[in-house]
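See below for the structure under consideration.
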Amino acid sequence: MLSGRVRVMTLRTNERVDRFESPFRRLDALLAGVAPNPGLTPIMMHVGEPQDAPPAVLAQAVAAHAGEWNRYPPSLGTPEFLAAAAGYLERRYPGVRGRLRRELELSAVASTREALFLAAAVAVSPTRATPLALMPNPFYQTYRVAAIMAGAEPRYLRHSGFPLFALDFSDLDSATLARTEILYLCSPSNPDGHVLPAAQLRHAIGLAREHGFLVVFDECYAELYDREPPPGALDVLAEMDGGDGWLDNALVLHSLSKRSSAAGMRSGFAVGDPRVIAALNRVRLNGTACTPLPLLAAATALWSEDTHVDAMRARLRARFDLADRFLGGCAGYYRPPCGFFLWLRVDDGATLARSLWAGSALKVLPGEFLTQPAPAGGNDGRGFVRIALVHDLDTTATGLARLAAALGIQPVNA
């Protein structure tokens with residue numbers, strides 16, 4: 001037994017955690033003490049959470065497999081799930097047909113966010129003194145968090161700015177590429193809806209292979225297109241290489257969250273370089289959560305069916321038509337080709353977010369919470385807000401009307 005006074009040592013935690021914060025926690029802090037207009041029903045347009053009901057087959061499949069809740073699910077997916085995911089890929093990306101080796105190149109993941117995080121964990125070597133992780137700016141916050149926690153320093157790609165936000169690889173010199181361990185690309189992108197052309201996808205893959213790093217293609221918005229389907233990395237990879245190494249240095253991620261209004265399922269899949277899939281699977285088999293069997297059955301049904309996706313796109317186009325009507329007269333507005341966000345240019349996003357919540361009971365996300373400052377100072381996202389078009393048409397119209405009124409914009413066809 002210890003006797004006398006025991007000195008309590010200060011708990012040490014990983015200081016890397018102090019380098020990031022959730023954009024939504026930052027929004028909570030920004031709006032702390034600001035009450036929404038009491039005369040209006042609050043409308044939440046700050047988060048990309050689909051408000052459409054998921055297809056009925058989801059609940060039907062879960063009910064049909066209710067006897068499986070007591071079973072540990074397979075971390076890597078059921079044979080039926082993997083077959084459905086492969087079937088979707090072959091329908092959507094012709095280059096995949098007859099090429100995919102499911103047992104080596106495809107795996108279930110418990111959400112693409114999990115896979116995005118783990119990708120850095122398996123790609124960044126602890127033997128590298130100053131590894132880099134390349135990513136767009138603005139970006140999905142998981143890219144930055146994954147890089148930092150894996151011990152890599154985030155490095156942000158240049159872009160052309162409003163309205164195209166085209167990525168620019170031209171300033172990536174050989175010294176930078178030699179230190180790069182992972183490159184994150186999102187196409188269609190969050191928040192601006194930009195689509196990477198096939199030539200740029202090809203260039204990124206070529207750089208990854210030349211310099212020995214992993215390129216991760218986050219394609220969770222691939223089905224949310226307005227007119228034309230965006231090019232996919234898998235078709236480009238298939239075109240570049242006719243052999244078994246066609247997926248070398250690449251990882252492609254897909255999700256049901258947006259495609260099927262099933263964000264709560266936490267179900268997606270990864271397809272890519274067999275070496276990367278094997279490493280991901282080893283980590284997942286030993287240290288992460290799994291999608292339960294009833295939900296894997298529901299995911300299998302959703303990946304096997306496309307008509308509900310066509311209906312989703314029709315609803316999305318109608319919401320963008322409303323945005324054209326209410327915001328078409330705003331110089332900072334453009335209709336993105338993909339995604340379900342508006343990336344609206346304004347004077348000061350944080351100031352507008354506070355004002356909209358207080359005066360219009362409308363919650364939006366300041367752009368600077370999705371971007372990092374440039375090395376020379378200044379934050380490209382400060383002059384933007386992100387608005388999620390995820391509600392039914394009446395709610396969307398009401399929210400956009402409040403936004404237009406706050407900006408002093410007259411509806412186009414009023």
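The values are calculated or read from the model by the stated rules, or taken from the named source; none is laboratory data. These figures come from a predicted structure and were not determined experimentally. Note: ideal-geometry Cβ built from the backbone for every residue, glycine included; neighbour counts use all protein chains shown.
Worth a mention:
- Criterion (in contact (Cβ under 8 Å) with a residue 60 or more places away in the chain, touching a Leu at 6+ places or on another chain (Cβ under 6 Å), within 30 Å of LEU365 (Cβ to Cβ) and acidic (Asp, Glu)) met by exactly one of ASP218, ASP192: ASP218
- Residue list for segment 375-410, filter: free of Cβ contacts under 8 Å to residues at least 24 places away in the same chain and either part of a loop (DSSP other than H, G, I, E, B) or buried (at least 19 other Cβ atoms within 10 Å of the Cβ) (or both): PRO375, ALA376, GLY377, GLY378, ASN379, GLY408
- Count of segment 283-298 residues, restricted to those that are out of contact with any helix residue (DSSP H, G or I) (no Cβ under 6 Å at 6 or more places or on another chain), aliphatic (A, V, I, L, M) and crowded, with 19+ Cβ neighbours inside 10 Å, is 0.
- Hey, GLU15 surrounded by fewer than 10 Cβ atoms within 10 Å (Cβ to Cβ), of a type in the set (Asp, Glu), modelled with pLDDT of 95 or more and out of contact with any Gly (no Cβ under 7 Å at 6 or more places or on another chain) or not: yes
- Within segment 52-73, restricting attention to residues that are exposed (fewer than 14 other Cβ atoms within 10 Å of the Cβ) and within 20 Å of VAL309 (Cβ to Cβ), the residue that is nearest to the chain's Cα centre (by Cα) is ALA53.
- In summary, GLY151 fulfils each of the numbered conditions (1) over 14 Å from the mean Cα position of the chain (by Cα); (2) closer than 30 Å to ARG345 by Cβ; (3) among the small types (Gly, Ala, Ser) with the single exception of condition (2).
- Any hit, segment 302-321, residues being in a loop (DSSP other than H, G, I, E, B), hydroxyl-bearing (Ser, Thr, Tyr), modelled with pLDDT of 95 or more and within 22 Å of LEU106 (Cα to Cα): yes
- Close Cβ contacts (under 8 Å, 6 or more residues apart or on different chains) running from residues in segment 329-351 that are free of Cβ contacts under 8 Å to residues at least 60 places away in the same chain to residues that are in a strand (DSSP E or B) and among the basic types (Lys, Arg) comprise ALA331/ARG345; TYR333/ARG345; LEU342/ARG386; LEU344/ARG386.
- Residue check, ALA146 surrounded by 18 or more Cβ atoms within 10 Å (Cβ to Cβ), in contact (Cβ under 8 Å) with a residue 60 or more places away in the chain and not in a loop (DSSP other than H, G, I, E, B): no
- Close contacts from segment 84-101, counting a first residue that is at pLDDT 95 or above and a second that is in a loop (DSSP other than H, G, I, E, B), with Cβ to Cβ under 6 Å and a gap of 6+ residues or different chains, come to ALA84/SER304; ALA86/LEU100; GLU90/ARG97; TYR93/GLY232.
- Test: residue in segment 212-227 that is more than 25 Å from LEU118 (Cβ to Cβ) and either modelled with pLDDT of 95 or more or acidic (Asp, Glu) (or both): yes
- The residue of segment 263-282 that is surrounded by the fewest Cβ atoms within 10 Å (Cβ to Cβ), among those that are under 24 Å from TYR221 (Cα atoms) and aliphatic (A, V, I, L, M), is ALA263.
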